[in-house]
Amino acid sequence: MRLTRYFLPVLKETPKEAEIISHQLMLRAGLIKQQGAGSYSWLPLGYKVLMKVQRIIEQEQDRSGAIQLLMPTLQSAELWRESGRYEAYGREMLRLKDRHEREMVYGPTNEEMITDIFRTYVRSYKDLPLNLYHIQWKFRDEVRPRFGTMRSREFLMKDAYSFDLDREGATAAFYRMFVAYLRTFHRMGLTAIPMRADSGPIGGDLSYEFIVLADTGESAVFCHADLLKKPIPAIDTDFRGDLEPIFKDWTSLYAATEEMVDQQAYEASVPEDKRVSARGIEVGHIFYFGTKYSAPMKAVVTGPDGKEVTVHMGSYGIGPTRLVPAIIEASHDENGIIWPVSVAPFEAVLINLKAGDAESDAACEALYGALRAAGIDALYDDRDQGAGGKFATADLIGIPYQLILGPRGLKEGQAEIKHRQTGARETLPIADAVGRLKALIEPQRRDQV
Ligand code: ATP
Ligand code: MG
């Protein structure tokens, strides 16, 4: 992409309304624009990141056996009356009426609708296990929308719903999602720690939130330091086999959110020098809730013995529009964002130090063509302006590698590569630059764990 033909509205000043660094940087780097309270447009650069985040989520969901569909945002109030949540859900739920005075809600979540889909089509235990997911906008009229897309009113959620014959089956579904989540966040360059969370009226221990540690996190969390450097399980790509040992291994070390923490247990089980009490951002939540919706909504199948069984369900959420700021909170410096390659809007930026100079232009055109031919998603800064501004933009928008070429280098046949994360610079023959970038970038694309 040529920058002169792109739409990248970067801001010089830090917007005053933004309290936390990710929100400031998302506005400054032209990723988002606020449209109303807790409502944002995703501008082209931000949208590219969001799509990469979603792609990783989809790949890991698919790999775990979940199947993607798409449900609408507007739902009939009737469905919510069936589960009893139309009355129970508080003012976070946006209720509206259509021209026929039919009561609707803008979905804050989709348990009712997915249960309705399930009961319409599935009749037999032979069709289980089943896990269906979608990535769709949600609306929650949050009391305090803040921090940009971190806590907005309209936000994207990947929500998956599992259906099983019994608790045992549902537990296996839960473990698959648990492992899928570990892999998902890792591929985005995040260390997300599974922490026991409140499981509400259902009880039991199958409710985990995935938390990214950050000073600006909204909740206090407590955990064992070793969880921060645990290797991610590289599992059979089809998620076959017993995943319980992985779950047990990860959850044997203490980790809990503030609602769940038991200070005595925490201090008893974690040696003093391993205690991490920090703040964290919730990026995902998985939980088992048994027959909470399937019972009132009559989602039943015929079991092996011919008798009717009410199915056991779980739900599994991830917030893509929250993940983008979470990644920035975890990875930035005083000059701007530092994207991990796997979610970077562009993998490299080609900086022409002297746009308008015929030789520089020709050499950069050739490099740009070579980058594309090598399959590198590159931004070409072909603007006719000073080098300082170009470096500042490249740093601000966080592109992992900068390929820099100017008249002086051209004379010597040399280009420069700057690594955004470490600040390291290497000078190399122009002819080797694209090959070197490819070698740097490819292993970091992390299609696998
Ligand atoms: P929170 O405690 O932060 O309000 P929640 O418990 O209401 O989150 P869930 O209902 O479990 O969240 O939703 C699943 C995921 O959706 C969350 O883990 C988070 O990533 C995302 N999410 C929830 N609310 C918002 C929001 N207002 N803005 C952006 N993302 C959100
Ligand atoms: Mg909430």
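Peptide packing: for 420-426, 323-329, 174-180, 351-357, the average count of neighbouring Cβ atoms within 10 Å per residue gives the ranking 323-329, 174-180, 351-357, 420-426, highest mean first. What the phi angles of segment 285-292 give under the Karplus curve with 6.51, -1.76 and 1.60, with θ = phi - 60°, is a coupling list of 8, 10, 7, 9, 10, x, 10, 3 Hz, glycine and proline written as x.
Note on K16: lysines with a C-alpha under 22 Å away, same-chain residues under 8 apart excluded, are K33. Any of K48/K354; K418/K438; K138/K158; K390/K438; K48/K418 with alpha carbons more than 18 Å apart? Name them for me. With Cα atoms farther than 18 Å apart: K48/K354; K390/K438; K48/K418.
For the peptides 427-436, 287-296, residues were scored by their other Cβ atoms within 10 Å and the scores averaged per peptide; the highest-first order is 287-296, 427-436.
Would you mind classifying segment 7-336 by shape? Square roots of the alpha carbon gyration tensor eigenvalues, ordered a ≥ b ≥ c; an a/c under 1.5 is rounded, otherwise it is prolate if a/b is larger than b/c and oblate if not.
oblate
Using a Cα-Cα cut-off of under 16 Å, which aspartates and glutamates could be cross-linked to K230, ignoring same-chain neighbours fewer than 8 residues away? Filter leaves D249. The phi torsions of segment 181-190, fed into the Karplus equation with coefficients 6.51, -1.76 and 1.60 and a -60° offset, translate into couplings of 5, 4, 5, 4, 5, 4, 5, 8, x, 9 Hz, rounded to whole numbers, with Gly and Pro shown as x.
Computed from phi, the 3J(HN,Hα) profile of segment 383-388 under the Karplus parametrisation 6.51, -1.76, 1.60 (θ = phi - 60°) reads 5, 8, 8, x, 5, x Hz, with x in place of Gly and Pro. Solvent exposure of segment 348-447 amounts to 44 Å² per residue of accessible area, where only protein heavy atoms count and the probe is 1.4 Å. Sparse packing (at most 16 other Cβ atoms within 10 Å of the Cβ) combined with a DSSP loop state is found for the following GluC sites (Glu not before Pro) in segment 45-95: E92. Look at where the Cα atoms of segment 66-84 and of segment 128-166 average out, and the two centres are 12 Å apart.
The residue among P320, V270, Q34 whose Cα reaches farthest toward the positive pole of the charge dipole of the chain, with charges on the beta-carbon of Lys, Arg, Asp and Glu, is Q34.
Can you compute the charge dipole magnitude of the chain about its Cα centre, using +1 on each Lys and Arg Cβ and -1 on each Asp and Glu Cβ, nothing else charged? Give it in debye, rounded to the nearest 20.
So the dipole magnitude of the chain works out to roughly 900 debye.
Protein heavy-atom surface of the chain, 1.4 angstrom probe: 49% of the accessible area is carbon and sulfur, with nucleic acids and ligands not counted. Seen from A366, the other residues with C-beta closer than 12 Å to its C-beta sum to a net charge of -2, counting Lys and Arg as +1 and Asp and Glu as -1. Does anyone have the angle between helix 430-441 and the longest principal axis of the chain? Alpha-carbon axes, 0 to 90°, nearest 10? Between the helix axis and the principal axis of the chain, the angle is about 20 degrees. Taking amide H positions as modeled 1.01 Å from N, with prolines and chain starts lacking one, the residues under 5 Å from I193 and 5 or more places away or on another chain are I211, V212, L213.
With r defined as the distance between the Cβ atoms of F7 and M71 and R0 fixed at 25 Å, what FRET efficiency is calculated, to the nearest 0.05? After rounding to 0.05, the efficiency reads 0.20.
By the rule of a C-alpha distance below 23 Å, with chain neighbours fewer than 8 residues away ignored, the lysines paired with K229 are K248, K274.
Determine the relative contact order of the chain: mean sequence separation of Cα pairs under 8 Å and six or more apart, normalised by residue count, in whole percent.
Working: 877 pairs, mean separation 75.2, N = 449.
The normalised contact order for the chain reaches 17 percent.
The values are calculated or read from the model by the stated rules, or taken from the named source; none is laboratory data. It should be emphasised that the depicted structure is a prediction, and the values quoted were computed from it without experimental measurement. Every residue, glycine as well, gets a Cβ built from its backbone with ideal geometry; the counts of neighbours run over all protein chains shown. Remember, those area values only see protein heavy atoms, side chains included, never the ligands or the DNA or RNA. Shrake-Rupley method; radii C 1.70, N 1.55, O 1.52, S 1.80 Å.
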